[in-house]
Amino acid sequence: MSFLQAAGRLGGILALIALLIVLVKKIIALVGFIMFAVKALIVIAFIGLLLLIVITYLSTRRNRRREAEEI
């Protein structure tokens, strides 16, 4: 009977260790996904900033041409 109790306790400890390992793997995967999402947001923000700069440059250039034609 004591053998079954010892095996039960050992099995419970092994099950807890296995659950902790799975939890750590899931946390690592979650952190990896969050890092990817942050990198994607940075790239999207950078592309948006470049587009804003190009649009501003082109509109300023167009306005200067209009002013030059009016003179």
**Fill in**
Per-residue ellipticity at 222 nm attributable to helices in the chain (runs of n ≥ 4 DSSP H, -39500 (n - 2.57) apiece, nearest 500 deg cm²/dmol) works out to -37000 deg cm²/dmol
**Prompt:** Pulled fully out, how much extra length does the chain show between Ala68 and Met35, if you take 0.36 nm times their separation in residues and subtract their Cα-Cα distance?
**Reply:** 6.9 nm
**Complete:** The summed charge of the Thr56 Cβ neighbourhood (under 13 Å; Lys/Arg +1, Asp/Glu -1) stands at +3
**Asked** Loop-only check: which trypsin sites (Lys or Arg not before Pro) in the range 9-71 are DSSP coil with at most 12 other Cβ within 10 angstrom?
**Response** none
**Prompt:** Which of these values of Rg and Dmax of the Cα atoms in Å was calculated from the structure shown: (1) 30.7, 105; (2) 29.3, 92; (3) 14.5, 45?
**Reply:** (1)
**Prompt:** If you line up the long axis of helix 2-70 against the longest principal axis of the chain, both from Cα atoms, how many degrees apart are they, to the nearest 10?
**Reply:** 0 degrees
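A short reminder: the numbers here are calculations on the coordinates, not readings from a lab. Since the structure is predicted, the reported quantities are computational estimates derived from the model, not experimental observations. Cβ coordinates were reconstructed from backbone atoms using ideal geometry, including for glycine residues, and neighbour counts include every protein chain displayed.
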